[in-house]
Amino acid sequence: MRLQDTLSSSLVELPPPPEPIGIYVCGPTVYQRAHIGNARPFVVFMWLARWLRARGHEVRLVHNITDVNDRIYEAAPGRSAERALEATRWYLEDTADFGLGMPDAQPLATETMPEIIALIEELIASGHAYTADGDVYFRVARFESYGALSGQRPDQVEEQEPNPAKEDPRDFALWKATKEDEDTSWDSRWGLGRPGWHIECSAMAAKELGPEFWIHGGGLDLVFPHHENERAQSLSVGHPFARIWMHNGMLRFTGEKMSKSLGNVETIREVLDTWGRETALVFFLTAHWRKPIDFSEESMAAARAQAETLRNALRGEASAEGDWGAFVDALEDDFNTPAALAIMHDWARAGALAELRRGLDLFGLGSLGERRDAPPEVRALADARSAARAARDFAEADRLRAEIAALGWDVRDADDGYELVPRA
Ligand SMILES: [Zn+2]
C-alpha cells in the first residue's frame, strides 16, 4: 500500500501487515458546531483505519480535540472552558452520526497538561526554547530543517506571533502567560499560563503513540505553521515522529447559492440533518483525499443520486462476480476512493452484489443494502396518496408525495400498489 507523503513529495510504501500502524490526526478546535470541512479528515482517516485493519494491520487511530486555543478564548471571553466542553460534546455527537465508529483515542489538551509542560521543560533544557516575560518560545534557529515540511527555506520563513520580546521573528510560542480576560490557566515554573496549539499536538501524539509512528494526518491548511512547528518540537527532543505526512484537500463551497428552503448549510449537523449520512459519505468518496472537494447543493444532489443507484442495485438479484482485486488495487494506490467508487458502480450495473456489499460495508455504507420497513404514519400517507390517484386528484397525490419525502421516504408506483424506499 502506498500513500503520498507531503515531506518527501513522494509515495511511501507501508510495511506489510500485521505491522502496527499508528495514526495521529489533528482534530478541530472546539468553540462552535463543527464545520462540514472538519468532517473530511474525520471520515477519510476513519476509512483509512478500517481499510488498514481489513488488510490485517493492528491500527491505532488518534484524533485529538483542541480544547485550549486562542480561538476559544476569542469566541467565548470569560467562559472558554464551558464553551469548549459544550462544543466537544457537539463534535462527538455529530461525528458519531456518520456511523463509522470512533477513533481509538480522542485526547484533549486539557487532559495532557503534565506531558505538555514536561515537553516544554525538555526543550528549554536542551536550548531549543527560551522564556520571555512569562511566555516560552521555540528557538527556530536551533532547528536546522525548519521549513522542510512546508517547502520553505529556513531564512525565508515569515514572522509568526509578533512580539518584540522574541529573539527571532520566526520563533513561535510554546507557552503563553495568562491574559486578563482568560478564564483558564495552568501553573508552570514560568508562571500561570496555557500552552500554544502546536506543542499540544506534539505532546498528545507522543503520549498516545510514542516517539515514532507511521502516519500524521490533517487538513492541507495545517502544513504551516501548525505541522511545521509540531515537527520542529518533536524532532528537537529526539522523537523520529511521523514517517508519512498525509494532508487532505480542503472542502470548498462552490454552489451558486444554497436554496432558500435549505438556507446556508455549513455545519456537520446541518449536512447530516439535510442530506443524511449515506449521501454525505458518498459525497466524500467522490473526491481523492488529497484533492479539494466541492460542496454545493448540486454536488450533494449528485451524491444522493449515486447512493440511490447503489441502493436500487442492491434490491436486485446477484447475477455476476466482481473483480475484488481491482478494488483493492485502487485503495492500495494512495487510497483512491473515487476509483473504488467507480468500481462499485460497475458492480452495481453488472449485478456483482456480493462484492458491492463488501465494498460498501468498508465505507460504512452497508446500510444501503438493508431493507427498512416504513413506519405506520408513512404507510398511511402512501395509502392516502393511492386513494387520491385512484380519484384522479393528482394535486393531492403530489402533495402527499412531498409529505412522505419530508419524512425521509420515496414512494414508488409498483405493479401491485406502491413501494416505500428510504431516501439516501
Ligand atoms: Zn495538531
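A few remarks follow.
- Rolling a 1.4 Å probe over the protein heavy atoms of the stretch 376-422, with every protein chain left in place, gives an accessible area that is 50 percent carbon and sulfur.
- List Glu212, Glu13, ordered by accessible area with a 1.4 Å probe, largest first: Glu13, Glu212
- Split the accessible area of the stretch 261-368 by element, probe 1.4 Å, and carbon with sulfur accounts for 48%.
- Cut-off 12 Å, label 7 Å out along Cα→Cβ of Trp324, residues of the stretch 335-358 by amide N: 354-358
- Mean Cβ count within 10 Å, highest first, over the residues of peptides 75-86, 102-113, 199-210, 355-366: 199-210, 355-366, 102-113, 75-86
- Taking the chain and dividing mean pair separation by its residue count, relative contact order in percent (alpha carbons under 8 Å, at least six apart): 15 percent
- Rounded to 5, percent antiparallel among DSSP beta bridges of the chain: 50 percent
- Within the stretch 2-248, the ratio Rg/Rh, alpha carbon atoms throughout and Rh by Kirkwood, equals 0.96.
- Most fluctuating residue given options Pro114, Pro162, Pro375, as computed from a GNM of the chain linking Cα atoms under 10 Å: Pro375
- Accessible surface area normalised per residue over the chain is 43 Å², counting heavy atoms of protein chains with a 1.4 Å rolling probe.
- Extension gain, Arg392 back to Glu161 (0.36 nm per residue minus Cα-Cα distance, nm): 76.1 nm
- Share of carbon and sulfur in the accessible area of the stretch 2-248 stands at 50%, probe radius 1.4 Å.
- Binning the C-alpha pair distances of the chain at 20 Å intervals from 0 yields a P(r) profile of 23, 49, 22, 5, 0 %, listed from the shortest bin outward.
- Using the Cβ-Cβ distance between Leu11 and Asp383 with R0 = 60 Å, the FRET efficiency computed as 1/(1 + (r/R0)^6) comes to roughly 0.55.
- Among 214-220, 234-240, sorting by the average number of other beta carbon atoms lying within 10 angstrom of each residue, highest first, gives 214-220, 234-240.
- Kirkwood Rh (inverse of mean 1/r, distinct Cα pairs), the stretch 376-422, angstrom: 10.3 Å
The values are calculated or read from the model by the stated rules, or taken from the named source; none is laboratory data. Predicted model only: the values in this text are computed from it and were never measured. Glycine also receives a Cβ, built like all others from the backbone with ideal geometry; neighbour counts cover every protein chain displayed. Quick note on the areas: whole protein, heavy atoms, side chains included, nothing else; ligands and nucleic acids left out. Shrake-Rupley method; radii C 1.70, N 1.55, O 1.52, S 1.80 Å.
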